[in-house]
1. For region 172-247, what does the convex hull of the Cα positions come to per residue, in cubic angstrom?
2. For region 419-489, what ratio Rg/Rh do Cα atoms give with a Kirkwood hydrodynamic radius?
3. Kindly identify region 192-234 as rounded, prolate or oblate by the Cα gyration tensor criterion: order the square roots of the eigenvalues as a ≥ b ≥ c, call it rounded if a/c is under 1.5, otherwise compare a/b with b/c, prolate if a/b is larger, else oblate.
4. Using the Kirkwood formula on the Cα atoms of region 344-489, what hydrodynamic radius do you get, in angstrom to one decimal?
5. Based on the Cα atoms of region 245-295, what semi-axes does the equivalent ellipsoid have, where each is the square root of 5 times one gyration tensor eigenvalue, given in whole Å with the largest first?
6. If R0 is 41 Å, what FRET efficiency do you get for residue 350 and residue 197 from their C-beta distance, rounded to 0.05?
7. Quick check: from the Cα gyration tensor, does region 128-488 come out rounded (a/c under 1.5), prolate or oblate?
8. Could you pull the Cα extents of region 268-319 along its three principal axes, largest to smallest, in whole Å?
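Just so you know, all these numbers are worked out from the coordinates, no wet-lab data involved. For clarity, every value in this text was computed on a predicted model and none was experimentally measured. Quick reminder, even Gly has a Cβ in these numbers, built from the backbone with ideal geometry, and neighbours come from all protein chains shown.
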């Protein structure tokens, strides 16, 4: 046992000293300003005066030299004493981080950070442009989804469902940071692999905006914006949400992904973050009995702007891991059509989330109030030459869900992997209340129970497996099994 332990420590020291030698050689041979000066002198030329950027680089290199010296001293203490202040793994991580820092200095401003932190409510990949000093940022995410549908509906009839394996999304983020205050950010999404005539896929700009950040507490942005409602409309990169499919409440009640042209303000004031935008309103002719307001999204494509809307969000994080918040969206939806002057939508949601030591709890409640829903239904019928009263739009549409997960690998200190069993229960109805004299369809009163596993071999990759039990008031729902592969970068 002593021999094997001694061999392990000896091998660890060799790796540590090898890493240090590499760092020091890189610094001396490639980056050391003194070496560059002496080589220029040997060539018979006078080195140009250092610019502010070069002086900053030299300062950074001196700091790195100090870090190398510190690591050397720490390894000496490790060698000479039985007790030491850092484990071998910690020292190796320090050397690796130091090497990456030197590499970024060598590359300069073209270096692009890895996706890691969420900024201003956006996903880690979408936030990358906020993390650089200046220049171009590139990121993205994607997901592949397999859906296996039950052969029978809840009432015993044949489901007619066809199993599918879909390249659901491939997304690229392109950003540019002009300086510490101004930046541009965008998301280009490719859905279902192939776009074109007769194809299922599409290519769309999910968002594209200019951002001006005056201070941490106040910023402004304008362009094609994500509506700041719910959990997933802004934060929808696959490795960071549970389940192969996004929650149905955040598809039919909150119609993610929801974006629109507009402008507004945002900021963080202590533990409180806020956003408030003015955007083009929805188009009521896209509403449906089963899909609710989802089809009314205009997506920024020649959006009708006879009616505008106001949307706002407020979140409070009193302690790390805890989030409590609310959001709203309110505005006209008639877009200047006769008979729809009073048609409007008011949406609000309340949401809360707690993440602590591998435990994840999330809850959300959302409600849509549609004014003049009967007139909207008549207008839709007239546009489609349907009999009056055929299209029944819900005056009130409600939905909620609760979700719980636990990372069982959080008990192990020797791994960064995650394995989280999770469960989610959803209840929603796009015709919770209809106009007097009209009938709702019980099939639109739905429940979804999801049981699954969420495995992350590394932070930016997720493999998901879940079983979904669906039901509705008409007993026509179809259960399904899903498998998904998701990533972000």
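1. It comes to 136 Å³ per residue, whole-number rounded.
2. Rounded to two decimals, Rg/Rh equals 1.17.
3. In terms of gyration-tensor shape, prolate.
4. 18.1 Å
5. Equivalent-ellipsoid dimensions as semi-axes: 26, 16, 7 Å.
6. The value I calculate is 0.40.
7. Here region 128-488 falls in the oblate category.
8. So the extents along the principal axes, rounded to whole Å, are 43, 26, 15.
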